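Novice: Let me give you the structure first, and then I'll get to my questions.
The values are calculated or read from the model by the stated rules, or taken from the named source; none is laboratory data. It should be emphasised that the depicted structure is a prediction, and the values quoted were computed from it without experimental measurement. Note: ideal-geometry Cβ built from the backbone for every residue, glycine included; neighbour counts use all protein chains shown.
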């Protein structure tokens, strides 16, 4: 911790592999899962989402596991080891949720990839996630699901809350909602808004808000230009301006020569094309969740895109200044041998970024720390 506090601006520190969970080992790297939701009161961040499609770990568990990285202790804590496919037996409860013998909802393969579908409720102190279900990849391994407890039925996805995990109790939860649930799938954007007791959710062109106090969904219809990209955009929340920045998505990628950054203004319910000066990633309009991470950097009041995948010449640390409406590139470079499957978060107490750098679905991850510094 003293080394981290003393880390100069623009510098990196390799912390090595975190200590393993005594029972379940170390968290594996996972693709398309750039965001690790940070829990300030727990001083750490959560990691979930499958990597290789349908991958089953040597211990027989699927990568629908949930992990917590403990910052002060530099260690992994396994919150949920994942589904034991050979022995898993669930049932549908009265609300249509898949639950275990104790009646606890179990998120069976709910995040084929995590994308930006995961966040943290800083008011109720719980992990939250919108599903990106991955049943087909495990159809053979989980034959008992289709032929057993579902028996031709479908689990509740039409009137349901996000998934919750409470780190204090160690239990999952999901609730029935009176209002319809928005569709959710690959590459959505789910962001909790601290102090507002609601979360922003974007699916394709649709924008919804989840009211955590009322347990209700509301769809809104923003004004402004349509988004120029498809799924899998990186994003972050700017509490100073009450804006959500989102950009660099895929399928399709924003056309060359145009701007891939968009802003959702919470005050006016509008999409904004800021038409900034310059561009990140040396002109590339692709900075999706498998190759990049976007974050609002409070110390410098800027938006940062860490680009570590794709073409080598597009790698770097790119800074968007909301006041100047302009992009620039940081002098600092990414460490050598950076890996594609990188997961990260900003740690505000220390003012640094943490990155879990690992092979996809591999246990070879190490933690890197980066301090950006102020303006």
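Rundown of residues vs (1) in a loop (DSSP other than H, G, I, E, B); (2) surrounded by fewer than 15 Cβ atoms within 10 Å (Cβ to Cβ), yes/no style:
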| site | (1), (2) |
| --- | --- |
| 196 | yes, no |
| 207 | no, no |
| 213 | yes, yes |
| 217 | no, no |
| 226 | yes, yes |
| 240 | yes, yes |
| 244 | no, no |
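Novice: Within region 319-334, count every residue that is over 16 Å from residue 275 (Cα atoms) and either touching a helix residue (DSSP H, G or I) at 6+ places or on another chain (Cβ under 9 Å) or surrounded by 15 or more Cβ atoms within 10 Å (Cβ to Cβ) (or both). Please lay out each step first, then the result.
Specialist: Let us first name the residues in region 319-334 that are over 16 Å from residue 275 (Cα atoms), namely 329-334.
Okay, now just the ones that are also either touching a helix residue (DSSP H, G or I) at 6+ places or on another chain (Cβ under 9 Å) or surrounded by 15 or more Cβ atoms within 10 Å (Cβ to Cβ) (or both), so 329-330, 332, 334.
Number satisfying all stated conditions: 4.
Novice: Restricting to region 185-194, count the residues that are part of a loop (DSSP other than H, G, I, E, B) and within 20 Å of residue 252 (Cβ to Cβ). Steps first, answer last, please.
Specialist: Quick first cut of region 185-194, residues part of a loop (DSSP other than H, G, I, E, B) only: 185-188, 194.
So of that shortlist, the ones also within 20 Å of residue 252 (Cβ to Cβ) come out as 185-188.
Count: 4.
Novice: Exactly one of these conditions fails for residue 109: (1) out of contact with any helix residue (DSSP H, G or I) (no Cβ under 8 Å at 6 or more places or on another chain); (2) at positive phi. Give me its number.
Specialist: All conditions pass for residue 109, except number (1).
Novice: Keeping to region 124-136, report how many residues are under 15 Å from residue 161 (Cβ atoms) and more than 13 Å from the chain's Cα centre (by Cα). Quick ask: steps written out before the conclusion?
Specialist: Going residue by residue through region 124-136, those that are under 15 Å from residue 161 (Cβ atoms) are 124, 126-131.
Checking the rest, the ones that are also more than 13 Å from the chain's Cα centre (by Cα) come to 124, 126.
Of the residues in region 124-136, 2 are under 15 Å from residue 161 (Cβ atoms) and more than 13 Å from the chain's Cα centre (by Cα).
Novice: Could you list all residues from region 21-48 that are outside any loop (DSSP other than H, G, I, E, B), within 15 Å of residue 127 (Cα to Cα) and more than 11 Å from the chain's Cα centre (by Cα)? It would help to see each step written out before you state the result.
Specialist: Going residue by residue through region 21-48, those that are outside any loop (DSSP other than H, G, I, E, B) are 21, 25, 29, 35, 38-39, 44-48.
Keeping just the survivors that are within 15 Å of residue 127 (Cα to Cα) gives 35, 38-39, 44-48.
39, 44 - these are the residues of region 21-48 that are outside any loop (DSSP other than H, G, I, E, B), within 15 Å of residue 127 (Cα to Cα) and more than 11 Å from the chain's Cα centre (by Cα).
Novice: Condition (residue is over 17 Å from residue 217 (Cβ atoms) and within 22 Å of the chain's Cα centre (by Cα)) applied to region 175-186: is it met by at least one residue?
Specialist: We begin by selecting, within region 175-186, every residue over 17 Å from residue 217 (Cβ atoms); these are 186.
Imposing the further condition that a residue be within 22 Å of the chain's Cα centre (by Cα) reduces the set to 186.
For region 175-186, residues over 17 Å from residue 217 (Cβ atoms) and within 22 Å of the chain's Cα centre (by Cα): present.
Novice: Touching a strand residue (DSSP E or B) at 6+ places or on another chain (Cβ under 7 Å), in contact (Cβ under 8 Å) with a residue 40 or more places away in the chain and assigned to a strand (DSSP E or B) - does that describe any residue in region 278-289? Steps first, please.
Specialist: At the first step, the residues of region 278-289 found to be touching a strand residue (DSSP E or B) at 6+ places or on another chain (Cβ under 7 Å) are 278-281, 286-289.
Imposing the further condition that a residue be in contact (Cβ under 8 Å) with a residue 40 or more places away in the chain reduces the set to 278-280, 287-289.
With the extra rule that they be assigned to a strand (DSSP E or B), the set shrinks to none.
Among the residues of region 278-289, not one is touching a strand residue (DSSP E or B) at 6+ places or on another chain (Cβ under 7 Å), in contact (Cβ under 8 Å) with a residue 40 or more places away in the chain and assigned to a strand (DSSP E or B), which makes the answer no.
Novice: Could you list all residues from region 113-141 that are at pLDDT below 85 and assigned to a loop (DSSP other than H, G, I, E, B)?
Specialist: Step one: of region 113-141, the residues at pLDDT below 85 are 133-141.
Within region 113-141, 133, 134, 135, 139, 140, 141 meet the criteria.
Novice: A further question follows. Which of (1) modelled with pLDDT of 95 or more; (2) more than 19 Å from residue 32 (Cα to Cα) does residue 258 not meet, given it meets every other one?
Specialist: (1)
Novice: In region 42-57, what residues are farther than 15 Å from residue 358 by Cβ and modelled with pLDDT of 95 or more? Full working, then the answer.
Specialist: Quick first cut of region 42-57, residues farther than 15 Å from residue 358 by Cβ only: 42-44, 46, 53-54, 56.
Matches in region 42-57: 42, 43, 44, 46.
Novice: From 76, 67, 12, grab the single residue that is farther than 22 Å from residue 191 by Cα, modelled with pLDDT of 95 or more, touching a strand residue (DSSP E or B) at 6+ places or on another chain (Cβ under 6 Å) and crowded, with 19+ Cβ neighbours inside 10 Å.
Specialist: Values: 67 fails: farther than 22 Å from residue 191 by Cα; 12 fails: crowded, with 19+ Cβ neighbours inside 10 Å.
Residue meeting the stated conditions: 76.
Novice: Tally time: how many residues in region 162-184 are part of a loop (DSSP other than H, G, I, E, B) and over 16 Å from residue 125 (Cβ atoms)?
Specialist: From region 162-184, those part of a loop (DSSP other than H, G, I, E, B) are 162, 167-170, 174-175, 177-184; that's our starting set.
Then drop every residue that is not over 16 Å from residue 125 (Cβ atoms), which leaves 174-175, 177-184.
Counting residues in region 162-184 that are part of a loop (DSSP other than H, G, I, E, B) and over 16 Å from residue 125 (Cβ atoms) gives 10.
Novice: Only one of (1) modelled with pLDDT of 95 or more; (2) surrounded by fewer than 21 Cβ atoms within 10 Å (Cβ to Cβ); (3) at negative phi fails for residue 296. Which number is that?
Specialist: Only one criterion in (1) modelled with pLDDT of 95 or more; (2) surrounded by fewer than 21 Cβ atoms within 10 Å (Cβ to Cβ); (3) at negative phi is unmet by residue 296, namely (2).
Novice: So residue 183 fits all but one of (1) over 25 Å from residue 247 (Cβ atoms); (2) in contact with a strand residue (DSSP E or B) (Cβ under 8 Å, 6 or more places away or on another chain); (3) exposed (fewer than 15 other Cβ atoms within 10 Å of the Cβ); what number is the exception?
Specialist: It fails just one condition, (1).
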